[in-house]
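Data block below; observations after.
The values are calculated or read from the model by the stated rules, or taken from the named source; none is laboratory data. Since this is a predicted model, take the numbers as computed values, not measurements. With ideal geometry, Cβ positions are generated from the backbone for all residues, glycine too; neighbour counts draw on all protein chains shown. The area values use the complete protein model at the heavy-atom level, side chains included, leaving out ligands, DNA and RNA. Shrake-Rupley method; radii C 1.70, N 1.55, O 1.52, S 1.80 Å.
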Amino acid sequence: MDVEKSIPISPVQFAPPETLRIRPLLLKPQWMNGLSERMLVSHYENNYGGALRRLDAIRSRIATLDWTQTPAFEINGLKREELIAASSVILHEIYFDSLGGHGDNPPSGTEEPPAGLAQALERDFGSVKAWRTEFTGMAKALAGGSGWAVLAWSDRLGRLINQWAADHAHNLPGATPILALDMYEHAYHLDFGAKAAAYVDQVMANLNWERIGARYRLAIGEGADEDRLFLPYGAPAQEEARISAEELKATIEGDKASRPVLLDLCLPRDLSRRIDMLAGASMHAPSALERWIDELPRGRPIAVYCICGFQVSGTAVNKLRERGYDARALVGGITAWHAIGGTTVPLDTSTYEQAP
Ligand SMILES: [Fe+2]
């Protein structure tokens, strides 16, 4: 497939400068402790995705500005909105990356920080428990308003800090966020109503401390071999076996001859979670691969997607590539596709193999 370089997964390889690529969900939204899939996916697609789309639009507008002729109020407005949107994108990415279980397992609800980060929290707050009490107290104090509770590393202060933020753009200069807890109402209202404190406690029971610890190591310059932690579980390991939502969209909208064959794979148990699909895709059961694989054209690229881009599409892409097909898995699945504003059509299960 003649497309741009694939999505960078590591949090330090944020994005190529010209275009921001959406980051996939690393958590499994259907299996979290007391945080519903409906709320998490809505937040990811509409608020994170919305900030990303808004940032792209603002940057496109800024690129056309005549800086000597544009009124000050317009420059001020655009640069303010750019800062807010970019900060929202980054904080949402840290928020979602900080949640979830390990591999195919849901969060245990009892995980603790890894040793290096635990020692740093003890050093800077007295104990992990004292840090947690301060962090959750700060988050709960934002209830009724909005903002972020952020754990950040400051080189200048030489320590970890719990940083209050009343909006997306409220940050300590030079500090690197390690963990961000979204206290905007959209983050909790669907599940918790006005009970923001209950939401804070539930988020703390869903933290993925392995990834938070990796962010800390990266912030203090000790990170190494962290990329695997930021790759969706089950996604193909090789970059050339993955395609970003933005790349796929460009390919579909581009030259007709280079458009990929679209395969929508879904486990039988997950069919009830689906309402739509990409136009032109055919839907199949991954377990019936031997029944549908021979219908695939040899000479065309194949893009495979599932709900979030975990092992359903990843396993199938690995099998297709072993058999010589030019197959790639959509990073973040149809959820990432929604978040970039990709269009869909109602679900068509007419090609789906029924269980024997
Ligand atoms: Fe949010």
Of the residues 179, 207, 160, which is more than 28 Å from residue 309 (Cα to Cα) and in contact with a Leu (Cβ under 8 Å, 6 or more places away or on another chain)?
160
Residue 222 fails exactly one of the following numbered conditions: (1) touching a Phe, Trp or Tyr at 6+ places or on another chain (Cβ under 6 Å); (2) over 30 Å from residue 327 (Cα atoms). What is the number of that condition?
(1)
So which of 221, 213, 234 is of a type outside the set (Val, Ile, Thr) and closer than 30 Å to residue 319 by Cβ?
234
Which one of 45, 81, 112 is in contact with a helix residue (DSSP H, G or I) (Cβ under 7 Å, 6 or more places away or on another chain), at negative phi and not in a helix (DSSP H, G or I)?
112
Can you tell me which residues in segment 223-255 are open to solvent by 60 Å² or more (accessible area, probe 1.4 Å) and without any contact (Cβ under 8 Å) to a residue 40 or more places away in the chain?
224, 225, 228, 237, 238, 253, 255
Contacts under 7 angstrom Cβ, first residue in segment 174-187 being farther than 15 Å from residue 202 by Cα, partner near the ligand (Cβ under 6 Å from one of its atoms) and open to solvent by 10 Å² or more (accessible area, probe 1.4 Å), 6 or more apart
186/47
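If you check residue 168 against the conditions, is it within 16 Å of residue 93 (Cα to Cα), within 16 Å of the ligand (Cβ to nearest atom) and exposed (fewer than 15 other Cβ atoms within 10 Å of the Cβ)?
On the way: within 16 Å of residue 93 (Cα to Cα): yes; within 16 Å of the ligand (Cβ to nearest atom): yes; exposed (fewer than 15 other Cβ atoms within 10 Å of the Cβ): no.
No.
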Does any residue of segment 183-199 turn out to be of a type in the set (Ser, Thr, Tyr), under 22 Å from residue 101 (Cα atoms) and either at pLDDT 95 or above or not in a loop (DSSP other than H, G, I, E, B) (or both)?
yes
In a helix (DSSP H, G or I), crowded, with 20+ Cβ neighbours inside 10 Å and in contact with a strand residue (DSSP E or B) (Cβ under 7 Å, 6 or more places away or on another chain): which single residue out of 214, 139 fits that description?
139
Could you figure out which of (1) outside any helix (DSSP H, G or I); (2) open to solvent by 20 Å² or more (accessible area, probe 1.4 Å); (3) in contact (Cβ under 8 Å) with a residue 60 or more places away in the chain isn't true of residue 283?
(2)
Those residues of segment 25-42 which are outside any loop (DSSP other than H, G, I, E, B) and among the small types (Gly, Ala, Ser) amount to 42
Checking the structure you have, find out if any residue of segment 8-26 is at pLDDT below 80, open to solvent by less than 20 Å² (accessible area, probe 1.4 Å) and of a type in the set (S, T, N, Q).
yes
Which one is farthest from the chain's Cα centre (by Cα), of the residues in segment 286-303 that are surrounded by 18 or more Cβ atoms within 10 Å (Cβ to Cβ) and either of a type in the set (Lys, Arg) or assigned to a strand (DSSP E or B) (or both)?
302
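Every residue, every condition in (1) touching a residue at least 12 places away in the same chain (Cβ under 8 Å); (2) open to solvent by 10 Å² or more (accessible area, probe 1.4 Å); (3) β-branched (Val, Ile, Thr), yes or no:
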site: 310; (1), (2), (3): yes, yes, no
site: 315; (1), (2), (3): yes, yes, yes
site: 324; (1), (2), (3): yes, yes, no
site: 327; (1), (2), (3): yes, no, no
site: 332; (1), (2), (3): yes, no, no
site: 338; (1), (2), (3): yes, yes, no
site: 343; (1), (2), (3): yes, yes, yes
site: 348; (1), (2), (3): yes, yes, no
site: 351; (1), (2), (3): yes, yes, yes
Condition broken by residue 112, with the remaining ones in (1) touching a residue at least 60 places away in the same chain (Cβ under 8 Å); (2) surrounded by 15 or more Cβ atoms within 10 Å (Cβ to Cβ) satisfied:
(2)
With 157, 190 as the choices, which residue is more than 13 Å from the ligand (Cβ to nearest atom), aliphatic (A, V, I, L, M), farther than 25 Å from residue 81 by Cβ and open to solvent by 70 Å² or more (accessible area, probe 1.4 Å)?
157
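For segment 74-92, name all the residues that are more than 16 Å from the ligand (Cβ to nearest atom) and open to solvent by less than 50 Å² (accessible area, probe 1.4 Å). Break it down into steps so the answer makes sense when it comes.
The first filter runs over segment 74-92 and keeps only residues more than 16 Å from the ligand (Cβ to nearest atom), leaving 74-83.
Listed by number, the residues that qualify are 75, 77, 78, 82.
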Among the residues of segment 114-135, is there at least one that is within 16 Å of residue 95 (Cβ to Cβ), more than 15 Å from the ligand (Cβ to nearest atom) and not aromatic (Phe, Trp, Tyr)?
no
Six or more apart or on different chains, Cβ under 8 Å: which pairs go from a residue in segment 25-49 that's within 14 Å of the ligand (Cβ to nearest atom) to one that's open to solvent by 40 Å² or more (accessible area, probe 1.4 Å) and of a type in the set (A, V, I, L, M)? Could you list them?
39/190; 42/190
